[in-house]
1. With springs only between Cα atoms under 10 Å apart, run a GNM on the chain and tell me which of Ala159, Ala130, Ala150 wobbles the most.
2. Of all accessible surface on the chain at a 1.4 Å probe, what whole percent is carbon and sulfur?
3. So with the 1.4 Å probe, I'd like the accessible area per residue for the stretch 1-87, rounded to whole Å².
4. Over what distance in Å are the Cα centres of the stretch 7-23 and the stretch 87-102 separated?
5. In Å², and per residue, what accessible area does the stretch 177-234 have when probed at 1.4 Å with the other protein chains present?
6. Given the Cα-Cα distance of Glu158 and Asp123 and 0.36 nm per residue of separation, how much length would full extension add, in nm?
7. Under 13 Å from the Cβ of Asp222, count the other residues' Cβ atoms, weight Lys and Arg +1, Asp and Glu -1, and hand me the total.
8. Please compute the contact order of the stretch 20-125 in relative form: average sequence separation of alpha-carbon pairs under 8 Å and at least six residues apart, divided by the residue count, as a percent.
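The values are calculated or read from the model by the stated rules, or taken from the named source; none is laboratory data. Predicted model, so just to flag it, every value in this text is computed and none were measured. Methodologically, a virtual Cβ is constructed for each residue, glycine included, from the backbone with ideal geometry; neighbour enumeration extends over all protein chains shown. Areas reflect the complete protein model, heavy atoms only, side chains present, ligands, DNA and RNA absent. Shrake-Rupley method; radii C 1.70, N 1.55, O 1.52, S 1.80 Å.
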Amino acid sequence: YISDGLFYLGSIAELDGDLDSAASFYSQVTSGDSLIPARVRLSLILYRLGKTDEALSSLEQVAVRDPAAGAELAAARGELLMRLERFDEALELYDQELQRFPDDEGLLYARSFLYERMGRVDDALAELEAMLERNPDDPIALNALGYTLADRTDRYEEALDYISRAYEKAPNNAAIVDSMGWIHFRMGDNEKAVEYLQRAWSLNRDPEIAAHLGEVLWTSGDRQGAEDIWFESLSENPESRVLQQVIERLMQ
């Protein structure tokens with residue numbers, strides 16, 4: 001109960017923007033069901049505060065003490081390494097943990113995303129195709145493969161097929177609705193893209209959705225609307241790399 005209370009206080013402080021207090025509360029969670037989520041939140045806060053070594057070590061300490069949570073903690077450590085653009089270290093970590101947990105979907109998705117970030121698009125697609133073979137009706141796998149095809153290749157019809165199948169199964173999943181908007185943008189239908197992306201934004205104020213919606217508005221001529229979305233999201237997610245990149249690319 002004490003650990004749950006500390007995690008709750010940390011969450012409140014984080015929502016209020018008091019990152020130092022949030023980090024203090026999360027660091028005091030030392031056991032129970034709240035331990036792993038507290039350490040993941042703590043690592044992200046330390047990253048935002050520029051304390052990258054502390055962020056990584058806070059996760060590594062728990063991994064040593066609780067080997068059963070290795071896959072979940074490895075995914076979080078890998079995400080931090082990716083944010084730091086230490087891609088080779090992240091890949092080594094994922095490869096190592098997948099030898100221990102070969103069927104862990106969180107790690108497999110994370111490695112596919114890392115491959116994409118590293119420019120190894122064929123490896124990312126192969127990873128996602130293998131996951132889809134194991135679970136052919138999984139909307140998350142369908143969407144991940146479809147989005148990667150839409151974003152990183154010109155295989156748009158194939159991408160639309162995968163994303164549409166995902167959308168049929170989970171029409172209120174914000175990530176899938178976002179993908180529907182993005183594939184329509186890539187295929188040249190900005191009007192339909194805006195409809196989907198605005199709905200995705202209403203479902204989840206994720207910075208990647210804001211980046212996509214803003215880009216479609218910008219290319220459609222609504223530059224004020226694009227800037228409003230981008231900077232509103234940037235105020236909530238100041239460390240968002242995807243937002244920073246799209247703003248720099250289109251507003252320069």
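1. For the chain, modelled as a Gaussian network with Cα springs under 10 Å, the answer is Ala130.
2. Answer for the chain: carbon and sulfur cover 47 percent of the accessible area.
3. Values: 4430 Å² over 87 residues.
Solvent-accessible surface per residue comes out at 51 Å².
4. 31 Å
5. Values: 2500 Å² over 58 residues.
Result: 43 Å² per residue.
6. On the way: separation 35, 0.36 × 35 = 12.60 nm, distance 1.75 nm.
Taking Glu158 through Asp123 to full extension adds about 10.8 nm, to one decimal.
7. On the way: positive: Arg223; negative: Glu191, Glu215, Glu227, Asp228.
Residues near Asp222 contribute -3 overall.
8. Numbers: 99 pairs, mean separation 18.1, N = 106.
About 17 percent, as a whole number.
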